Amino acid sequence: MDLYPAIDVVGGRSRLVYWPGASAGIGAPTDRPDRIAEQFVAQGARLIHLVDFDGARRGQPAILEVLGAVASRVAVPLQVAGGIEEPDHVRLAFAAGATRVVVSAAIVERPEVLRGCVEVAGDWLAVGLDPRPERLAAFPWRRAVPPTVPTLVDELAAAGVHRIVLSHGGSTPDATLLASLVQRGDLDVLVAGAAPDLDGIRRLRDAGVRGLILGEPLLTGAIDLPKALEAAA
């Protein structure tokens, strides 16, 4: 299972200050995404996930300068989520240094836009879904009845999407749903969060999850990145 250390970016800075030596009183804290990414890669990270909080609010990328700065410091794939809502947004993200993008579930209601994003990004496009029933019910769908996660996944797969990101807001994933999605065999399943410790990482690995996006536990030191990478392997 791939492990994606995640950095939430607000105003060009990391939402959380990273201080890897805090417990020992060594090192220096930083909120610069490029320096955090560089330290993650030095510890063994092979991918970096960046969340564009400002872009998500504005409906367009606001992280392009940060992407460029990170790309200039690390030679690993960069995945960006937030603010990517059109094919041109994908192009801008790729031009700035991203190699993978995550768009929101709202794109399912815009099939022509979804097709355009698939044409630009191909297999490096993922769609983020929140599988919690209450969140699905609260989403402003254009259809009469809120869809189920399997229905959404069927629609995405038919449109050529091969990667989904399940975000759980820190809650425990539905094991039955997760297993059914993994067993489909026609898409890669990534999970955001939902692993508070090393045992949680191992459970997702053993469930067949292809990738885990992990942010706050790594930035705060609750989980050690080298140990997390070992647990994911």
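The values are calculated or read from the model by the stated rules, or taken from the named source; none is laboratory data. It should be emphasised that the depicted structure is a prediction, and the values quoted were computed from it without experimental measurement. Heads up, the Cβs are rebuilt from the backbone with ideal geometry, glycines too, and the neighbour counts pull from every protein chain shown.
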> Counting only residues that are farther than 20 Å from residue 191 by Cβ and in contact (Cβ under 8 Å) with a residue 24 or more places away in the chain, how many does region 122-142 have?
Replying inline: 2
> For residue 49, which of the numbered conditions (1) crowded, with 17+ Cβ neighbours inside 10 Å; (2) assigned to a helix (DSSP H, G or I); (3) not charged (D, E, K, R) fails to hold?
Replying inline: (2)
> Among the numbered criteria (1) touching a helix residue (DSSP H, G or I) at 6+ places or on another chain (Cβ under 9 Å); (2) at pLDDT 90 or above; (3) not hydrophobic (A, V, I, L, M, F, W, C), which single criterion is violated by residue 206?
Replying inline: (1)
>> Quick check on my filter: what residues within region 136-149 are within 20 Å of the chain's Cα centre (by Cα) and not in a loop (DSSP other than H, G, I, E, B)?
In response: 136, 149
>> Of all residues being out of contact with any Pro (no Cβ under 8 Å at 6 or more places or on another chain) and surrounded by fewer than 16 Cβ atoms within 10 Å (Cβ to Cβ) in region 16-37, which is modelled with the highest pLDDT? Just the residue, please.
In response: 29
>> For region 119-152: of the residues being surrounded by fewer than 17 Cβ atoms within 10 Å (Cβ to Cβ) and within 18 Å of residue 171 (Cβ to Cβ), which is modelled with the highest pLDDT?
In response: 148
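Conditions (1) part of a helix (DSSP H, G or I); (2) among the basic types (Lys, Arg); (3) buried (at least 22 other Cβ atoms within 10 Å of the Cβ), marked per residue:
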residue	(1), (2), (3)
7	no, no, yes
56	yes, no, no
67	yes, no, yes
70	yes, no, yes
84	no, no, yes
102	no, no, yes
117	yes, no, yes
> Would you call residue 79 crowded, with 16+ Cβ neighbours inside 10 Å and without any contact (Cβ under 8 Å) to a residue 60 or more places away in the chain?
Replying inline: no
>> within 22 Å of residue 17 (Cα to Cα), among the aliphatic types (A, V, I, L, M), assigned to a helix (DSSP H, G or I) and in contact (Cβ under 8 Å) with a residue 12 or more places away in the chain: which single residue out of 37, 62, 93 fits that description?
In response: 37
